Amino acid sequence: MSVYDPKAVVRDGYDAVSYRYRGDQEDDTCRVYIEWLAELESRIPDGSSVLDLGCGCGVPVSQRLAMRHRVTGVDISPVQIERARGNVPSAEFQCADMTQVDFEAESFHAIVAFYSIIHVPVEEQFALLEKVESWLKPDGCLMATLGMRDETVEMEDWLGGGAKMYWSEADETTYLQWLARLGLEVVFKRFVPEGDTGHTLVLARK
Ligand SMILES: C[S@@+](CC[C@H](N)C(=O)[O-])C[C@H]1O[C@@H](n2cnc3c(N)ncnc32)[C@H](O)[C@@H]1O
């Protein structure tokens, strides 16, 4: 009997839809990230160490950050990581489950996680955020798109590429409670609409 493995679904799904999700060149879908990164980068010095969790193919986030900072990217999908290495040669990339990687305490001035923590089973997300908090330097920033409503969703054919996909979210209040428990102060939170729902963009400081 095979056991359902949501992380394998996500890994294989992004391997399959990597190019459908984003090309190697920036396009209109990248504009919003550029605004977000400007807000983050105004709070960290040049040459900062930045971790991009669920970095995808590296475009645009790792690539933009690597223009001024030392970037480490982590992604569970081998195809995404291979592309990221090609797109952002100056950054370091690890192909790994972000809940399984480890870094020394206080390694990073900033950690970004755009649309990626929401692919981790929700019961693992608080422990992941605990690690994230420990990896941040004092005053370090976390910028992440988190969930809005308590739901776990599976899709059979995402982006028309025949790929299965899996998402898992807590509601916004729970995420804010978790950040408060970890001593991460929310600098701002913003609703980012998508279809009939959306995500919460959070910038939090240790
Ligand atoms: C929606 S894409 C976002 C990519 C990029 N952050 C962006 O916003 O352009 C989500 C990425 O998170 C990665 N991901 C999902 N679950 C992960 C996990 N447990 N560990 C590492 N990466 C993961 C996926 O492989 C995928 O590349």
So what J values fall out for the range 57-70 if you push phi through Karplus, 6.51 cos²θ - 1.76 cosθ + 1.60 with θ = phi - 60°, rounded to Hz, Gly and Pro as x? 7, x, 10, x, 6, 4, 4, 5, 5, 5, 5, 10, 9, 8
Hey, which lysines would be in cross-link range of Lys7, C-alpha to C-alpha under 18 Å, not counting anything within fewer than 8 residues on its own chain? Lys164
Placing +1 at every Lys and Arg Cβ and -1 at every Asp and Glu Cβ, with all other atoms neutral, what dipole size does the range 97-195 have around its Cα centre, in debye to the nearest 20? 320 debye
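Charges only on Cβ, +1 for Lys and Arg, -1 for Asp and Glu: so what's the dipole of the chain about the Cα centre, in debye to the nearest 20?
Result for the chain is approximately 580 debye, rounded to the nearest 20.
Please compute the net charge surrounding Gly198, taking Lys and Arg as +1 and Asp and Glu as -1 over other residues with Cβ under 15 Å from its Cβ.
On the way: positive: Arg149, Lys189, Arg190; negative: Asp150, Glu151, Glu169, Asp171, Glu172, Glu194, Asp196.
Cβ neighbours under 15 Å give a net charge of -4.
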Charge sum, other residues only, whose C-beta stays under 13 Å from Met67's C-beta, Lys/Arg counted +1 and Asp/Glu -1: 0
Where does the chain land at 222 nm, in deg cm²/dmol rounded to the nearest 500, when only DSSP H runs of n ≥ 4 count, each adding -39500 (n - 2.57), divided by all residues? -9000 deg cm²/dmol
What residues have an amide H closer than 5 Å to that of Glu106, excluding those fewer than 5 places away on the same chain, when H is modeled at 1.01 Å from N in the peptide plane? Trp135, Leu136
Tell me which of Gln80, His69, Val17 sits at the most positive position along the dipole axis of the range 1-120, charges placed on C-beta atoms (Lys, Arg +1; Asp, Glu -1). Val17
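What shape does the chain take by its C-alpha gyration tensor, where a ≥ b ≥ c are the square roots of the eigenvalues and a/c under 1.5 counts as rounded, a/b above b/c as prolate, and the rest as oblate?
Cα axes put the chain in the rounded bin.
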Given the options Glu130, Glu185, Glu156, which has the most mean-square fluctuation in a GNM of the chain, springs set between C-alpha atoms less than 10 angstrom apart? Glu156
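Less than 14 Å Cβ to Cβ from Asn87, Lys/Arg counted +1 and Asp/Glu -1: what total charge do the surrounding residues give? Don't skip to the answer; put the middle values down first.
On the way: positive: Arg22, Arg64, Arg83, Arg85; negative: Asp24, Glu26, Asp27, Asp52, Asp75, Glu82, Glu92.
Charge balance near Asn87 sits at -3.
Since every read-out is calculated from the coordinates, none of them should be taken as a lab result. Source: prediction; values computed, not measured. Virtual Cβ from ideal backbone geometry, glycine too; neighbours counted across all protein chains shown.
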